[in-house]
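Inspection log for the structure reproduced underneath, given as structure tokens.
The values are calculated or read from the model by the stated rules, or taken from the named source; none is laboratory data. In this text, all values refer to a predicted model and were calculated from it rather than measured experimentally. So basically every Cβ, Gly included, is an ideal-geometry build from the backbone, and we count neighbours across all protein chains shown.
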Amino acid sequence: MRLIFSALAGALFGAGLFVSGMTDTRKVQGWLDIFGNWDPTLAFVMGGAILPMALAWWVTTRRSASLIGVPFPPRAEPVLDRRLIGGSVLFGLGWGLAGLCPGPAIASLSYGGTGGLVFLAAMLAGMAVSPVMARLLDSSRAAA
Amino acid sequence: MIEQDWIWGLVGGLMIGAGGAVYLLGNGRIMGASGILGGLIDGSGRSTAAERLVFLAALLVTPALLIPLYSVDISTHVTDNWAVLVAAGLAVGIGTRIANGCTSGHGVCGISRLSLRGIAATVAFLVAGGVSLVVFRHILGVI
């Protein structure tokens, strides 16, 4: 069942990114570019996605565990740290630069051409070195 | 075309949220693309590798299967400037893993739970994304 749920979730995610147009870097950059030809589509995608997820989070408060018996993820401590904000700022800069984030980068791989492959390769390399970068960020705080 | 875009955006968004709901209620996990992929890259998700791989395979294959059903333009319009792609890819890969989430994990799953960290991360990457367009498009003109 675990793998069936995984496949179903991945398929819905991929289909949703595809039909919403979120694998088109112009639409993503169009949303971020408030001084250009602004494209509001991304707001509808986010809003549409948040609705079923909010319902799902509500359901988790009524049940003791997921359907396969794994406990629901605990709520993180509401602490805003340097990793969260610094990492998100770095991500946002890259997201705006290419118009791709991790989900659409994978979803568009079959039709995104060489550019999509180059982005994915660089993103995987970034993920591989990220533990080192995170430690650097932490030690710079310790030194400060 | 613009009139239809928001409807497709909403429909696609509902599908993305439904996927996240299946992953949460079925497997007890948060559907975050960077976490699912990154856990395989740095080895932290080795014990759940099978569900990660199946999720990623479905994410990759499903759009490919939908392409023949589509008559509209599906081009990603991705830049052919390799320096831009490499810089952006590295920033996205490092940033999402350090922040422990991206648009799906912090944006969709975090905001819908009213998570302070998810909301703060989303504000941070949206603002940085806007700044990125100002700097790289309007000031430097590289994109």
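Determine, yes or no, whether B:T48 is at pLDDT 95 or above and at the interface with chain A (Cβ under 7 Å from one of its Cβ atoms). Here the answer is no, as B:T48 does not meet what is asked. If you filter the stretch A:9-57 down to residues that are of a type in the set (S, T, N, Q) and at pLDDT 95 or above, you find that the one that is surrounded by the fewest Cβ atoms within 10 Å (Cβ to Cβ) is A:T41. Just to check your reading of the model, which residue among B:S132, B:S104 is in contact (Cβ under 8 Å) with a residue 60 or more places away in the chain, at the interface with another protein chain (Cβ under 7 Å from one of its Cβ atoms) and not aliphatic (A, V, I, L, M)? After applying the criteria, what remains is B:S104. Within the stretch B:81-100, identify whether any single residue is without any contact (Cβ under 8 Å) to a residue 60 or more places away in the chain and more than 7 Å from chain A (Cβ to nearest Cβ), and answer yes or no. Yes, the stretch B:81-100 has at least one match. All of B:G35, B:G39 fail the test of being of a type outside the set (V, I, T), in contact with a Lys or Arg (Cβ under 7 Å, 6 or more places away or on another chain), more than 7 Å from every other protein chain (Cβ to nearest Cβ) and part of a helix (DSSP H, G or I), apart from B:G39. Selection of the stretch B:23-55 for residues being buried (at least 24 other Cβ atoms within 10 Å of the Cβ) and either without any contact (Cβ under 8 Å) to a residue 12 or more places away in the chain or touching a His at 6+ places or on another chain (Cβ under 8 Å) (or both) yields only B:G32. Applying the set (1) outside any helix (DSSP H, G or I); (2) out of contact with any Lys or Arg (no Cβ under 9 Å at 6 or more places or on another chain); (3) touching a residue at least 12 places away in the same chain (Cβ under 8 Å) to A:F72 leaves exactly one unmet item: (2).
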